[in-house]
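Read the structure below first, then the notes.
Bear in mind that the values in this text are calculations on the coordinates, not laboratory data. It should be emphasised that the depicted structure is a prediction, and the values quoted were computed from it without experimental measurement. Neighbour counts are summed over all protein chains in view; Cβ atoms, including those assigned to glycine, are modelled from backbone coordinates with ideal geometry.
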């Protein structure tokens with residue numbers, strides 16, 4: 001029972017971290033800085049684009065896993081990841097829209113919108129994952145999520161060394177700790193799978 005609570009708490013915390021870092025992707029579309037905010041530089045643009053690409057692959061693979069996973073913990077993790085990444089995508093889209101058009105309903109991105117953000121290597125991994133089933137599928141999904149979260153951690157750490165935008169730096173600092181927790185959770189799931 002305690003393990004389940006820890007998993008749920010860690011997944012929720014990780015969701016906040018990935019949501020926060022994915023919000024940075026929206027900043028890449030901003031053309032002007034808000035009063036008191038540093039303008040986006042090359043480091044901020046790179047950080048936002050890389051974070052968005054990793055988040056999109058996570059959403060795509062998690063949508064597949066939410067349907068195909070056979071391990072209960074893997075399926076639960078995938079469900080949390082889908083909900084979190086769909087919410088992030090909706091937030092990013094709403095931030096580009098007229099503030100007067102804001103609404104509370106969640107607008108989930110289509111498969112085409114998500115896959116447009118994924119690089120060729122990610123698309124190849126997604127295709128391979130879709131062709132698997134059972135325990136083999138579960139293991140590959142967890143391995144892919146671990147890889148993605150490690151990349152996300154590296155993206156945050158690299159940006160923290162060179163970033164100049166206060167808001168980006170703050171989100172990257174918060175995300176770094178949360179992503180580390182998500183990695184620990186995925187490693188725990190992986191170790192229990194054998």
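General observations
- Theoretical gain in end-to-end length, residue 67 to residue 184 [0.36 nm per residue, Cα-Cα removed]: 39.8 nm
- Packing-based ranking of 179-187, 120-128 yields 179-187, 120-128, ordered from highest to lowest mean Cβ neighbour count within 10 Å.
- Extension gain, residue 75 to residue 150: 0.36 nm times the residue separation minus the Cα-Cα distance gives 25.0 nm.
- Alpha-carbon Debye profile of segment 43-193, log10 I(q)/I(0) at 0.10, 0.12, 0.13 Å⁻¹: -0.37, -0.53, -0.62
- Difference of contour (0.36 nm per residue) and Cα-Cα distance, residue 115 to residue 87: 8.4 nm
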